[in-house]
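Input: a single structure, listed below in structure tokens.
Where a number appears in this text, it was derived from the coordinates with a stated rule and is not lab data. These figures come from a predicted structure and were not determined experimentally. Neighbour counts are summed over all protein chains in view; Cβ atoms, including those assigned to glycine, are modelled from backbone coordinates with ideal geometry.
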Amino acid sequence: MNEVTGSLTVEAQPQSAMGTLVGIFISPKKTFESLAVRPRILAPVLLLLAFHLVLALVVVQSGLQESDTVAKMEQKGTPPEQIERIKTVMESPARYLFALGGPIVVGFILLVSSAVLYFMANLMLGARLRFTHYLCIVAYAGVVSSADNIAQIAIGLSRGTLFVSMGIGAFLGENLSYPLRVLDVATDPLLLWTFGIQALGVAVMARKNFGFGVAAVALGFVGGALLRGLAR
């Protein structure tokens, strides 16, 4: 991207793949400026897939997935024999197949989130970016969201459950109602940071103000909070 300063045009300096992955944390605006002309997708996507595969393996190995699944089934009044069958599967080597679901889900989320951004920014708000721009923005925001994932797993391992409140729900006790779970997700500071990065990316690449970026990501933010509230 070119920045105009007075009568001079200053071209944003390109960054290496590693430089962008580090820069998205410490200098996100400059990083997006360097990516605007030629969006980089492969590096952040590969990093995300590898990260979530490792994260899923940690969760499976820890046994948290099994204990949380069994607890939810017991709350729903599932017959004991059905619970035992599920436990048998989740204690067998087949449980590691569940870890493959992590990268698959991440890939799906990247595509859907990029499509939502394309719809909001291009079709509704009049931006003129390619789909690859939005995929780049979402992928780099996903790299930032790894901080949220690590924090949740770390707290979950210490508490013995994956159902961890990262927002206002941390002050409201356990067994939150669905609206409160959604509110908890929506007030997670690390998740807000992630969507802030998305908004900045849209604003920089579309050459609009930050408010434009916020409007573009609002639908995805609300939809994500509603879905994550259901999953907890």
Step by step: find N for segment 68-117, compute 2.2 N^0.38 Å, then divide the Cα radius of gyration by it. What's the final number? 1.59
Environment charge at Gly63 (Cβ cut-off 10 Å; Lys +1, Arg +1, Asp -1, Glu -1): -2
So how many Å³ per residue does the convex hull of the Cα atoms of the chain work out to? 134
When only Cα pairs under 8 Å and 6 or more residues apart are kept, what is the percent relative contact order across the chain? 22
Using only alpha carbons, build the gyration tensor for segment 116-165 and give me the equivalent ellipsoid semi-axes, biggest first, whole Å. 34, 11, 6
Take each uninterrupted DSSP H stretch in the chain, measure its Cα extent along the helix axis, and return the ones at 18 Å or beyond whose mean Kyte-Doolittle hydropathy is at least 1.6. 42-62, 101-117, 189-206, 210-230
Beyond 21 Å, what share of the Cα-Cα pairs of segment 158-232 is found? Please give it as a whole percent. 34
Find which of Leu176, Phe163, Phe32 sits farthest along the positive direction of the dipole of the chain, computed with +1 on the beta-carbon of Lys and Arg, -1 on that of Asp and Glu, about the Cα centre. Phe32
As an exercise, find the ratio Rg/Rh for segment 12-75 from alpha-carbon atoms, using the Kirkwood inverse-distance average for Rh. 1.28
